[in-house]
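Engineer: Just dropping this structure here.
The values are calculated or read from the model by the stated rules, or taken from the named source; none is laboratory data. If you're wondering where the values come from, they're calculated on a predicted model, not measured in any experiment. Every residue, glycine as well, gets a Cβ built from its backbone with ideal geometry; the counts of neighbours run over all protein chains shown.
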Amino acid sequence: MTIFIRHRALVLGALFALVAAPAWAGPATEQLKGSIEKIIPILEDPALTAGAKAQERRSAVRAVTNEIFDFAESARRTLGRHWDSRTEQERREFTQLFGDLLGRAFISKLDREGGVRITFTGESADGDLGTVKTRITTKNGSELPVDYQVLRRGDHWRVYDVLIEGVSLMQNYRAQFNKIIRTSSYEELVQKLKAKQQSP
């Protein structure tokens, strides 16, 4: 069984594509846009695409995704009820593996597709929770609404979930992860994530 969501995860590569400035932006939008703009030069640098530089590129991408995502919150939501029974060490390990999974999906999408455009269309906030609304335009001109659910940690807003056409990415991962745990074990899920981490 594959544990990777093709359509939903791949669309997230648009995070790191051409960014259109919003007409109005609140703090969450500005922070998200600023982080995305840092990563575009990394992904467009031809010197970081071959051989030994591939790992350097991946590390540079991960450093920026750490600014964009609250991986611990996303990991907690994807494991759902299984999170509570994990030790602190297991939670840290899973958070790392899940973050790597998302980072690889982003790079893979941009490398294969490219040419997409993200336009920020609005923002709403209620206390420490908010939503940054965007519209993705693909190379063939089709449009897709993508909303980023954000959480404020101190002065920073970070993404913890992504809704693509109203469907939660983390809930999709959660359903797949839960099935693996129920039909096999949590350890099997970790092994699958580690195997993906070791793949080219």
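Engineer: State yes or no: is Leu102 more than 16 Å from Lys33 (Cα to Cα) and among the hydrophobic types (A, V, I, L, M, F, W, C)?
Structural biologist: Details: more than 16 Å from Lys33 (Cα to Cα): yes; among the hydrophobic types (A, V, I, L, M, F, W, C): yes.
The answer is yes for Leu102.
Engineer: Is it the case, given these coordinates, that Gly103 is modelled with pLDDT of 80 or more and touching a helix residue (DSSP H, G or I) at 6+ places or on another chain (Cβ under 6 Å)? It would help to see each step written out before you state the result.
Structural biologist: Working: modelled with pLDDT of 80 or more: no; touching a helix residue (DSSP H, G or I) at 6+ places or on another chain (Cβ under 6 Å): yes.
No, not satisfied.
Engineer: In addition: Taking the stretch 137-164 as the region of interest, how many residues are over 18 Å from Thr65 (Cβ atoms) and at pLDDT below 85?
Structural biologist: Result for the stretch 137-164: 8.
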